[in-house]
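**Student:** The structure's right below; bear with me while I get my questions together.
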Amino acid sequence: MRRLLAIRHLAFEDLGSFETVARARGFEPAYVAAPDLVEGRFPWQTADPLVVLGGPIGVGDGAQYPCIGVAIDGLRERLRNGRPTLGICLGAQLMAAALGASVRYSGAQHVGWSALEFGPDPGPLAGLAGVPVLHWHGDTFDVPPGARLLAGTAAVPHQAFDIPGQPVLALQFHPEVEAAGLEHWLIGHHRQLSDLGIAPDALRAQAARHAAAMTQAGDAVFGDWLDRAAPA
């Protein structure tokens, strides 16, 4: 089987439904723990497709967490060479930073489902039109030079970008999270939810309404990216 690399910052913030999509196309997911990046052995220039997953730390936390700087440096060269790369939430922010864009606090924590807003050309995200997606983020990014803004929301206008002609896609939201997998998030992020006054049952109710449609549309987006990133 071919290999799909995934950098993971938290054990429960994994590829979710994307694992099934990858295996159906003949890829075996291979996870790398973000702290291990500092050992210097990660193959940043591999032609294998790479997904950089989310996590509770941010681009601005590099002084406390050395893996942040290592990831930005590695992604900078990888993206310069047009290697197939997809970032989700923190992964998208790391990609933006590697491409020279500003990453900063958005002014609020955004947790829950809402639909994206698109311009005249949603590009590879067209299938997500009208589909509420899961947001779980506080930081935001500027659109990097040479990149194309694909989607946003009223609260966070920059939610996704790509680089035309390259297999590079960055998503601020979480299309990979399945309804069943959400329980791990509710436990792992208990303190954050408590601080925000968000009841787990409220997110469960949203998931019951929206998760299945998001998974179907999100899997199609990921499958299309994977087909372009590493054609059979």
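**Student:** Return the residues of region 173-184 that are surrounded by 13 or more Cβ atoms within 10 Å (Cβ to Cβ) and either on the phi > 0 side of the Ramachandran plot or not in a helix (DSSP H, G or I) (or both); say none if nothing qualifies. Before the answer, list the steps.
**Tutor:** If we filter region 173-184 for residues that are surrounded by 13 or more Cβ atoms within 10 Å (Cβ to Cβ), which is where we start, we get 173-179, 181-184.
Answer for region 173-184, where residues must be surrounded by 13 or more Cβ atoms within 10 Å (Cβ to Cβ) and either on the phi > 0 side of the Ramachandran plot or not in a helix (DSSP H, G or I) (or both): F173, H174, P175, E176, V177, E178, A179, G181.
**Student:** If the requirement is being open to solvent by 40 Å² or more (accessible area, probe 1.4 Å) and free of Cβ contacts under 8 Å to residues at least 24 places away in the same chain, which of these qualifies: R25, R41, R8? Don't jump to the end; show me each part of the working.
**Tutor:** On the way: R25 fails: free of Cβ contacts under 8 Å to residues at least 24 places away in the same chain; R8 fails: free of Cβ contacts under 8 Å to residues at least 24 places away in the same chain.
Of R25, R41, R8, the one residue that is open to solvent by 40 Å² or more (accessible area, probe 1.4 Å) and free of Cβ contacts under 8 Å to residues at least 24 places away in the same chain is R41.
Okay, residues lined up against (1) outside any helix (DSSP H, G or I); (2) out of contact with any strand residue (DSSP E or B) (no Cβ under 8 Å at 6 or more places or on another chain); (3) basic (K, R):
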residue	(1), (2), (3)
L186	no, yes, no
Q206	no, no, no
R209	no, no, yes
A212	no, yes, no
W225	no, no, no
A232	yes, yes, no
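**Student:** Then there is this: Does region 86-115 hold any residues that are in a loop (DSSP other than H, G, I, E, B) and within 15 Å of the chain's Cα centre (by Cα), and which are they?
**Tutor:** Narrowing region 86-115 to residues in a loop (DSSP other than H, G, I, E, B): 89, 99-102, 115.
Scanning region 86-115 gives a single hit, C89.
Condition check ((1) open to solvent by 50 Å² or more (accessible area, probe 1.4 Å); (2) touching a residue at least 12 places away in the same chain (Cβ under 8 Å); (3) among the hydroxyl-bearing types (S, T, Y)) across all residues:
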position: E117; (1), (2), (3): yes, yes, no
position: L128; (1), (2), (3): no, yes, no
position: V131; (1), (2), (3): no, yes, no
position: T140; (1), (2), (3): no, yes, yes
position: V143; (1), (2), (3): no, yes, no
position: G146; (1), (2), (3): yes, yes, no
position: A155; (1), (2), (3): yes, yes, no
position: L171; (1), (2), (3): no, yes, no
position: I198; (1), (2), (3): no, yes, no
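**Student:** Of all residues in region 185-205, which are under 20 Å from the mean Cα position of the chain (by Cα) and either closer than 13 Å to L134 by Cβ or hydroxyl-bearing (S, T, Y) (or both)?
**Tutor:** Across region 185-205, the qualifying residues are W185, L186, H189, L203.
Residue-wise test of (1) in contact with a Leu (Cβ under 6 Å, 6 or more places away or on another chain); (2) of a type in the set (V, I, T); (3) in contact (Cβ under 8 Å) with a residue 12 or more places away in the chain; (4) surrounded by 13 or more Cβ atoms within 10 Å (Cβ to Cβ).
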{"position": "S17", "(1), (2), (3), (4)": "no, no, yes, yes"}
{"position": "L37", "(1), (2), (3), (4)": "no, no, yes, yes"}
{"position": "T46", "(1), (2), (3), (4)": "no, yes, yes, yes"}
{"position": "P49", "(1), (2), (3), (4)": "yes, no, yes, yes"}
{"position": "L53", "(1), (2), (3), (4)": "no, no, yes, yes"}
{"position": "V70", "(1), (2), (3), (4)": "yes, yes, yes, yes"}
{"position": "R80", "(1), (2), (3), (4)": "no, no, no, no"}
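**Student:** When you go through (1) closer than 17 Å to A108 by Cβ; (2) in contact (Cβ under 8 Å) with a residue 60 or more places away in the chain; (3) open to solvent by 40 Å² or more (accessible area, probe 1.4 Å); (4) not in a helix (DSSP H, G or I) one by one for Q192, which number turns out not to apply?
**Tutor:** Looking at each condition in turn, Q192 falls short on (4).
**Student:** Out of A30, A71, which single residue is in a helix (DSSP H, G or I) and under 15 Å from R8 (Cβ atoms)?
**Tutor:** Numbers: A30 fails: in a helix (DSSP H, G or I).
It is A71.
The values are calculated or read from the model by the stated rules, or taken from the named source; none is laboratory data. For clarity, every value in this text was computed on a predicted model and none was experimentally measured. Neighbour counts are summed over all protein chains in view; Cβ atoms, including those assigned to glycine, are modelled from backbone coordinates with ideal geometry. Remember, those area values only see protein heavy atoms, side chains included, never the ligands or the DNA or RNA. Shrake-Rupley method; radii C 1.70, N 1.55, O 1.52, S 1.80 Å.
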